[in-house]
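This report refers to the structure that appears directly beneath it.
The values are calculated or read from the model by the stated rules, or taken from the named source; none is laboratory data. None of these values were measured; they are calculated from a predicted model. Positions of Cβ are generated from backbone atoms using ideal geometry, with glycine treated the same way; all protein chains shown enter the neighbour counts. Accessible surface areas use protein heavy atoms only, side chains included; no ligands, DNA or RNA. Shrake-Rupley method; radii C 1.70, N 1.55, O 1.52, S 1.80 Å.
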Amino acid sequence: GGRSWSPAYRVPVNSPHGPVNLSDGRLFYAGVTLWADERTVEACISEDDGKTWNRVSRIPTRSGDDSSKYHELHGVEAADGRLVVQIRNHNSANSGETLQTHSTDGGKTWAEPYSIGVWGLPSHLLRLSDDRLLMTYGHRRAPLGNQARISTDNAQTWSEPIVIHGDATSGDLGYPSTVEIAANHFVTVWYEKLSDNPFAQLRMAKWQLS
């Protein structure tokens, strides 16, 4: 229950938002092999609560992209069973946008990453109690802050942006994580460097969908 912990051990991939639960009890982790000789972007599965991990597949690189400019992925299992992964992109095409890929065979194969028209990163994905998907992400240009979008079709399309907060004083912010506390009610936590303090701080917002 969190009273004691094992020694730390390395996992195959890295991404700040970490792995997610699948409906069958396994864990799914999409990330970058930061510590390997060859930097790749991969999908991993654990069947023992994260004690060991199996590399399921390599996530493809979009034509013309450099995979070393893919960062900080996060994934979710949609209601129709597809796995959806979003990618922080710093390639010249769609630079500063969130790219997306998906798998319909449990992560064995993936669509070539594609633009979803969302400027901002990195994103956090959450499947809601009504099976819609929510993405929250840092928005480092006016309005400075964090935004959200909703998908009602298993990430095939996304809504217009919802501004969670837009009162930041610099672009040194983001990495939001969101939980659903009740239907259409959420808590989002992110880091932000405020104008009156040299250190970054954690901020929190409670917000709701109308």
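Per the 1.4 Å probe, what fraction of the accessible area of the chain, in percent, lies on carbon and sulfur atoms? Walk me through the intermediate numbers first.
Working: 5060 of 10600 Å².
Whole-percent figure for carbon plus sulfur exposure: 48.
If you take Cα Rg over 2.2 N^0.38 Å from the coordinates, which of (i) 1.26; (ii) 1.07; (iii) 1.01 do you get?
(iii)
So, for the chain, what is the accessible surface per residue at a probe of 1.4 Å, expressed in square angstrom? The partial results should precede the final answer.
On the way: 10600 Å² over 210 residues.
Counting only protein heavy atoms, the per-residue value for the chain is 50 Å².
For ARG141 paired with LEU34, estimate the spin-label separation in nm (one decimal), with each label point 7 Å from Cα along the Cα-to-Cβ line.
Result: 2.7 nm between the two label points.
Using 7 Å Cα-to-Cβ label points, what is the ASN184/TRP119 separation (nm, one decimal)?
3.1
Would you compute, for the Cα atoms of segment 15-93, the largest minus smallest coordinate along each principal axis and list the three values in descending order, in whole Å?
Cα extents, longest axis first: 38, 30, 20 Å.
Give the relative contact order (percent, whole number) for segment 106-210; include only Cα pairs under 8 Å separated by 6+ residues.
Values: 214 pairs, mean separation 20.4, N = 105.
This gives 19 percent for segment 106-210.
Given a 10 angstrom Cα cut-off, can you work out which residue in SER63, SER123, SER103 is the most mobile in a GNM of the chain?
Among SER63, SER123, SER103, the largest mean-square fluctuation in the Gaussian network model of the chain belongs to SER63.
Mind listing which chymotrypsin sites (Phe, Trp or Tyr not before Pro) in segment 134-200 are in a DSSP loop and have 15 or fewer other Cβ atoms within 10 Å? The partial results should precede the final answer.
On the way: sites: TYR137, TRP158, PHE186, TRP190, TYR191, PHE199; in loops: TRP158, PHE199.
When the chymotrypsin sites (Phe, Trp or Tyr not before Pro) of segment 134-200 are filtered for loop state and at most 15 Cβ neighbours within 10 Å, PHE199 remain.
From Cα pairs below 8 angstrom and at least 6 apart in sequence, can you work out the relative contact order of segment 26-168, rounded to a whole percent?
On the way: 333 pairs, mean separation 21.5, N = 143.
Relative contact order, segment 26-168: 15 percent.
About its Cα centre, how strong a charge dipole does the chain have in debye, to the nearest 20, once Lys and Arg get +1 and Asp and Glu get -1 at the Cβ?
Details: 20 positive and 24 negative charges, 68 e Å.
In total the dipole reaches around 320 debye.
I need the trypsin sites (Lys or Arg not before Pro) found in segment 134-189, filtered to DSSP loop residues with at most 10 other beta carbons within 10 Å of theirs.
Details: sites: ARG140, ARG141, ARG149; in loops: ARG140, ARG141.
For trypsin sites (Lys or Arg not before Pro) across segment 134-189 that sit outside H, G, I, E and B with at most 10 neighbouring Cβ atoms in 10 Å, the list reads ARG141.
Would you please name the chymotrypsin sites (Phe, Trp or Tyr not before Pro) within segment 25-129 that are DSSP coil residues with at most 15 other C-beta atoms within 10 Å of their C-beta? Walk me through the numbers on the way to the answer.
On the way: sites: PHE28, TYR29, TRP35, TRP53, TYR70, TRP110, TYR114, TRP119; in loops: TRP35, TRP53, TRP110.
Taking segment 25-129 and a limit of 15 other Cβ atoms within 10 Å, the loop chymotrypsin sites (Phe, Trp or Tyr not before Pro) found are TRP35.
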